[in-house]
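Written below as structure tokens is the structure these notes are about.
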Amino acid sequence: MCVAFSAAGDASSRAPIGVLFDDRCWQHDPGPGHPERPERLDVIRRALAAPPLAGAWRPLTPRLCDDAAIEAVHDPAYVALARRAIEAGMPGLPTGDTAVSRDSLLAARAAAGGILSACDAVMAGEVAAAFCAIRPPGHHATRNRGMGFCVFNNVAIGARYLQRQHGIERVLIVDWDVHHGNGTYDIFRADPSVLQFHLHQRGIYPGTGWEDETGEGAARGRVIHIPLLPGSGVGPMLEAIERKLVPAARAFRPQFVLISAGFDAHRRDPIGGLDLGSADYGRLTDAIADIADEHAGGRIVSVLEGGYDLQALGESVAAHIATLARRAAGRATVNRDPLPPAPAR
Ligand SMILES: [Zn+2]
């Protein structure tokens, strides 16, 4: 499915960064005028195929996610409901504001499968880190409800897959999309094996993600929400990473870092309003990669969430990939360190 990207792959088969495209992700069509449109992937493809990034990454092999991996985080009744709605030709999921088309289920399974493929590649040491250019996005999908342009929660499916398939015990999920990743919060809010760090604009869709939502039961304290004021820029984000996430990660010691990488906090974005510039996504990437290097052998997989201004999206993903590639190239080899031991309890 990656024929269109073979030129980049041929340019450097030893590129330390993987990028996943899947033609099937273009086939999800929410309809005319919808901001979450297939052209988003076109601008990312163009940005990564042009200098200086051409040859700095290698294409990963797409795959479809099986029901078992999806139902590891979603209620099987919801998965069946989504399938029936799409196969019946409904214009949207009955659970919320996710417009769908004939091939949306295929695209959603390809999106979720993409993160599994990326996780496999990183765990095998084939690449140091990977980015999945996938859609539909996932972080608003709760255990039993698709909403907010999302069908399946891709990053949650990846986290659970790492735990079940690769023996990863502790996963850090960082979500820097301008909207709160309420689906991810819902799925792992009582799960102490996942540390969640959410940066988002306060008070906008979906209206959750407040400071006092810190997790439940055994996972109390495992969720850090940083709701930010409009126009606040990248400064408070970097400060929150340093003051809140760095110490939390030192206590938690994640073995793998997943990023819900939305790019709608950009100042050009028509939906978000946090006033980030394209280069700021490189700064965020550096800050999270420092944490991955300290605890997780540098293992990072990031997945596309939002980002609706095409120019800003292309530039911002380029800054993200350039930073990951620069850091990985600084290593003599891809990190093959064994997983760190579990912390003393
Ligand atoms: Zn968003």
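What follows draws every value from the coordinates through simple rules; no lab data is involved. Just so it is clear, the structure is predicted and the values come from calculations on it, not from any experiment. Using ideal geometry, Cβ is built from the backbone for each residue, glycine included, and neighbour counts are taken over all protein chains shown.
Calculate for the chain the 222 nm mean residue ellipticity that helices alone would give, adding -39,500 (n - 2.57) per DSSP H run of length 4 or more and normalising by residue count, nearest 500 deg cm²/dmol.
Values: 11 runs with 123 residues, N = 345.
That comes out to -11000 deg cm²/dmol.
Starting with the fewest neighbours, write out 41, 162, 199 ranked by other beta-carbon atoms found within 10 Å of each beta-carbon. Before the final figure, lay out each step's value.
Details: 41 19, 162 25, 199 29.
The most exposed by this proxy come first: 41, 162, 199.
Quick one: Cα centre-to-centre distance for region 218-261 and region 267-317, in angstrom?
If we compute the Cα centre of each part, the gap is 14 Å.
Among 265, 217, 245, which residue has its Cα furthest toward the positive end of the charge dipole of region 191-277, with +1 on Lys/Arg Cβ and -1 on Asp/Glu Cβ?
Of the candidates, 245 comes out farthest on the positive side.
Only Cα pairs under 8 Å and at least 6 apart count here; give the relative contact order of the chain as a rounded whole percent.
About 18 percent, as a whole number.
Return the long-range amide H neighbours of residue 228 (sequence gap of 5 or more, or a different chain), with a cut-off of under 5 Å between placed amide H atoms.
Amide H to amide H, under 5 Å and 5 or more residues apart or across chains, residue 228 pairs with 200, 201, 202.
Below 8 Å between Cα atoms, with a sequence gap of 6+, how large is the relative contact order for region 86-149 in percent?
On the way: 70 pairs, mean separation 23.3, N = 64.
It comes to 36 percent, rounded to a whole number.
Per residue of region 65-73, in order, report the coupling 6.51 cos²θ - 1.76 cosθ + 1.60 (Karplus, θ = phi - 60°) as ³J(HN,Hα) in whole Hz, putting x for Gly and Pro.
7, 7, 4, 4, 5, 5, 7, 6, 10
Exposure proxy check: 135, 109, 37 ranked by fewest other beta carbons within 10 Å?
Details: 135 32, 109 22, 37 18.
In increasing order of surrounding Cβ atoms, one gets 37, 109, 135.
For residue 79, what charge total do you get from the other residues with a beta carbon under 15 Å from its beta carbon, if Lys and Arg give +1 and Asp and Glu give -1?
After counting each charged neighbour, the total is +1.
Give me 239, 213 sorted ascending by neighbouring Cβ count inside 10 Å, so fewest comes first.
Numbers: 239 11, 213 18.
Neighbour counts put them in this order, fewest first: 239, 213.
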